[in-house]
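For reference, the structure is listed below as structure tokens.
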Amino acid sequence: MRQVTILGATGSIGQSTLDIIARHRDRFTLYALTANSSHVKMQQLCRQFEPRFVVMSEADSAEHLRAAIADLPTEVLVGEAGLAQVAAAGEVDVVVAAIVGAAGLIPTLAAIRAGKRVLLANKESLVMAGALFMDEVRLHQAELLPVDSEHNAIFQCLPPGGIGQPALESGVAKIILTGSGGPFRDVDIEQLENVTPEQACDHPNWDMGPKISVDSATMMNKGLEMIEACWLFAVDQSDIEILLHRQSIVHSMVSYLDGSVIAQLGNPDMRTPIANALSWPERIDSGVEPLNLLQVSQLDFTLADEARYPCLALARTAWHRGGTCMAVLNAANEVAVEQFLQRNISFMEIPRLISKVMELSSTGPADNLDLVLRADAAARAMAHELVASGAR
Ligand code: NAD
Ligand code: MG
């Protein structure tokens, strides 16, 4: 029996993880579930799964939940201290890091420092603090397993022991990261200025939370994933090729020196990479429909048009500048996406705002957490100021 904590249990990844755990109650028990404020959804999850602990980040939501589940043995904790407790508790074997954005960094690091098996969905935490994140993984011998479908695919295509090891030392020539291109891949570039949050969140192949849906539409998601892959597989961005693949069936590939290209294929359903990481090195049923290649019939690959997706170049610049620039990129993007979702800025203002924040920020080494958090806070403040003053 493995005891599992799910950080961000009420979100899209959290729900997919719970779906798998519900199918394998003989293998997994739930130690803790966490959420920001959705206490009604959490109440439902508590009744269904009876975890030992629940953490609500917002104090009011914790109060509501406490009253609503007074008849259950589940204990309700609050805030960052609660998150750190359930991420690092001695009884816990597996921590699923599925909080969205920089808010996931501290609890994910707590799980790593406790040497857990950490299933990483929260790519933002690795992007903003990559060097120290991977140092902590090594120092505390945590077992980091990627849940992001592309990185889980690459992990499956690499020789065993791939995480944190320089992939090029295993005969790898390059990593091929695939992406669907999002909902606007066929829309006229001039039209992009006027697209709405609803259209941006309506992804053709994947059903995801709002932030990553907008990131997919701008392809900042692929930019963040390029940086994520650099850290996970110890490669440089020049070792990674990004290809648009509209069917989202090939989740990524590894190209070897001998000419072999190994790919991982499957239906676009996050339960596959989550199940893979939960049970690795075993394989368990995930509930995902078997892939019908006859029905798919065609697999297309093209290059991403950088004029359509300026966020790709911004991510490359951030990796190139290094250090705290990646925390700046991530923070500016989080603010830009939130402002777009609130209809305060247009879709194409997202890359313009990020670019401006990167241009105006002084960046430097990111070798401790304090430096990363300070860069994050400064970039957020600057992005908010630029939006408020209309300068973007
Ligand atoms: P989501 O918005 O559906 O869920 C986010 C979860 O985090 C919720 O449980 C929410 O309560 C919690 N949360 C939000 N803000 C918080 C805060 N400030 N403090 C504490 N908890 C907070 O997001 P999602 O789509 O499930 O994505 C989660 C992470 O997984 C993201 O980093 C995303 O990039 C990554 N990811 C998601 C998918 C996907 O298919 N959804 C695929 C790959 C990677
Ligand atoms: Mg992905």
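The values are calculated or read from the model by the stated rules, or taken from the named source; none is laboratory data. Because the structure is predicted, anything quoted here is derived from the model rather than measured. Cβ placement follows ideal geometry from the backbone for every residue including glycine, while neighbour counts extend to all protein chains displayed. Note: areas computed on protein heavy atoms with side chains; ligands, DNA, RNA excluded. Shrake-Rupley method; radii C 1.70, N 1.55, O 1.52, S 1.80 Å.
For region 358-377, the tally of residues that are hydrophobic (A, V, I, L, M, F, W, C) and farther than 18 Å from Ser125 by Cβ stands at 2.
For Val100, the stated conditions do not hold, so it cannot be described as outside any helix (DSSP H, G or I) and open to solvent by less than 10 Å² (accessible area, probe 1.4 Å).
Can you tell me how many residues in region 122-162 are in a loop (DSSP other than H, G, I, E, B) and within 16 Å of ligand 2 (Cβ to nearest atom)? Lay out the reasoning, then the answer.
Step one: filter region 122-162 for residues in a loop (DSSP other than H, G, I, E, B), giving 122, 140-142, 147-148, 158-162.
Subsequent filtering for residues that are within 16 Å of ligand 2 (Cβ to nearest atom) retains 122, 147-148.
Adding up the residues that qualify gives 3.
Among the criteria (1) within 28 Å of Tyr256 (Cα to Cα); (2) open to solvent by less than 20 Å² (accessible area, probe 1.4 Å), the one Ser170 does not fulfil is (2). Among the numbered criteria (1) open to solvent by 10 Å² or more (accessible area, probe 1.4 Å); (2) within 23 Å of Trp319 (Cα to Cα), which one does Ala153 miss? Here Ala153 meets the rest and fails (1).
Within region 105-115, is even one residue outside any helix (DSSP H, G or I) and either within 16 Å of ligand 2 (Cβ to nearest atom) or hydrophobic (A, V, I, L, M, F, W, C) (or both)? Checked region 105-115: at least one residue is outside any helix (DSSP H, G or I) and either within 16 Å of ligand 2 (Cβ to nearest atom) or hydrophobic (A, V, I, L, M, F, W, C) (or both). Per the conditions (1) among the acidic types (Asp, Glu); (2) away from ligand 1 (no atom under 16 Å from the Cβ); (3) at pLDDT 95 or above, the sole criterion not satisfied by Glu190 is (3).
Matching residues to (1) in contact with an Asp or Glu (Cβ under 9 Å, 6 or more places away or on another chain); (2) open to solvent by 30 Å² or more (accessible area, probe 1.4 Å):
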residue	(1), (2)
Ala332	no, no
Glu338	no, yes
Gln342	no, yes
Ser346	yes, no
Ile350	no, no
Ser362	no, yes
Asp370	no, yes
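Considering only residues that are surrounded by fewer than 23 Cβ atoms within 10 Å (Cβ to Cβ), of a type outside the set (D, E, K, R) and on the phi < 0 side of the Ramachandran plot, which ones fall in region 75-93? Those that are surrounded by fewer than 23 Cβ atoms within 10 Å (Cβ to Cβ), of a type outside the set (D, E, K, R) and on the phi < 0 side of the Ramachandran plot: Leu77, Val78, Ala81, Gly82, Ala84, Gln85, Ala88, Ala89, Gly90, Val92. Of the candidates Ser238, Ser260, Ser252, the single residue that is of a type in the set (Gly, Ala, Ser) and closer than 30 Å to Phe28 by Cβ is Ser252. Being at pLDDT 95 or above and outside any helix (DSSP H, G or I) is the requirement here; does Arg343 meet it? The answer is yes for Arg343.
For beta carbons closer than 8 Å, sequence separation of 6+ or different chains, a first residue in region 151-170 that is basic (Lys, Arg) and a second that is away from ligand 2 (no atom under 16 Å from the Cβ), there are no qualifying pairs.
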